[in-house]
Amino acid sequence: MILIAHRGNTAGINPERENTVAYINEALEKGYHCEIDICKWDNDLGKFYLGHDEPTEVVDREWLKDNNLWCHAKSYNALEAMMAMGIHCFFHKGDDYTLTSNGWIWAYPGMPGGVKTIAVHPEKLNPEEVKKFAGICGDNIEKYKND
C-alpha cells in the first residue's frame with residue numbers, strides 16, 4: 001500500500017511545519033510519499049510556491065519532480081505549469097473523485113475506492129474498506145505502516 005503523508009504530517013497535524021520543504025523531506029526520508037499544496041506558479045520568476053491558502057515557501061521544479069510527491073494544485077496557473085512540466089499533480093475542490101496526472105483516482109474523504117484509488121483521511125472509513133485502496137493519505141500515516 002502507498003502511504004502518503006498529508007502535507008508532510010506522519011504522526012499528527014503540525015500546522016507550524018506542514019507544507020515546508022524541511023518537513024516534507026523528513027517524511028520522504030522515512031520512506032513515505034507526500035501530498036503537498038502548491039498554491040502558485042510565478043511565470044516571471046519560474047518558481048512554484050508551497051502553501052494551502054497563500055504562498056509560504058519557494059520550491060524548485062526539480063524537487064517537485066520527485067516521484068514520491070503528489071502535488072495538489074491550489075490554482076489554475078499552478079496546475080497548468082505542473083502539467084506542462086510533467087510534475088505529478090491534481091486539482092480538486094471537494095468533488096468525490098479526481099484523477100491525478102499519473103492516472104491515480106484521488107478519493108474525497110469517506111468515499112469508497114479500489115485498486116487504483118487513494119483514500120484521503122482513511123480514518124473516515126472502516127479498516128476493511130481501507131484495505132481495498134492502493135494507497136492512503138493522512139496526517140497519522142505512521143499508524144498504517146505495519147498494516
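The values are calculated or read from the model by the stated rules, or taken from the named source; none is laboratory data. Values in this document were obtained by computation on a predicted structure and should not be read as measured data. Ideal geometry is used to build each Cβ from the backbone, glycine not excepted, and the neighbour counts take in all protein chains shown. Each accessible area value is taken on the protein alone, full model and side chains, heavy atoms only, with ligands, DNA and RNA left out. Shrake-Rupley method; radii C 1.70, N 1.55, O 1.52, S 1.80 Å.
Tabulated results
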| quantity | calculated |
| --- | --- |
| Test: A11 is closer than 18 Å to I118 by Cβ, aliphatic (A, V, I, L, M) and in contact with a helix residue (DSSP H, G or I) (Cβ under 6 Å, 6 or more places away or on another chain) | no |
| Qualifying residue in the range 47-61 (condition: at pLDDT below 95, touching a Cys at 6+ places or on another chain (Cβ under 6 Å), under 27 Å from G110 (Cα atoms) and not in a strand (DSSP E or B)) | yes |
| Residues of the range 102-147 classified as within 13 Å of the chain's Cα centre (by Cα) and on the phi > 0 side of the Ramachandran plot, total | 1 |
| Any hit, the range 12-25, residues being in contact (Cβ under 8 Å) with a residue 24 or more places away in the chain and among the hydroxyl-bearing types (S, T, Y) | yes |
| Qualifying residue in the range 109-127 (condition: in contact with a Ser or Thr (Cβ under 7 Å, 6 or more places away or on another chain) and within 23 Å of A27 (Cβ to Cβ)) | no |
| Residue in the range 102-114 that is modelled with pLDDT of 95 or more, in contact with a His (Cβ under 7 Å, 6 or more places away or on another chain) and open to solvent by less than 20 Å² (accessible area, probe 1.4 Å) present | yes |
| Residue within the range 118-133 that is among the aliphatic types (A, V, I, L, M), in contact with a Lys or Arg (Cβ under 9 Å, 6 or more places away or on another chain), open to solvent by less than 40 Å² (accessible area, probe 1.4 Å) and in contact (Cβ under 8 Å) with a residue 40 or more places away in the chain present | no |
| Conditions (1) open to solvent by 20 Å² or more (accessible area, probe 1.4 Å); (2) not in a strand (DSSP E or B); number of the one not met by A78 | (1) |
| Total residues in the range 1-56, condition open to solvent by 60 Å² or more (accessible area, probe 1.4 Å) and of a type in the set (V, I, T) | 2 |
| Qualifying residue in the range 33-40 (condition: of a type in the set (K, R), modelled with pLDDT of 95 or more and within 24 Å of I13 (Cβ to Cβ)) | no |
| Leading residue by the ranking (most open to solvent (accessible area, probe 1.4 Å)) among those in the range 83-101 that are under 15 Å from L69 (Cα atoms) and either in contact (Cβ under 8 Å) with a residue 40 or more places away in the chain or more than 13 Å from the chain's Cα centre (by Cα) (or both) | M83 |
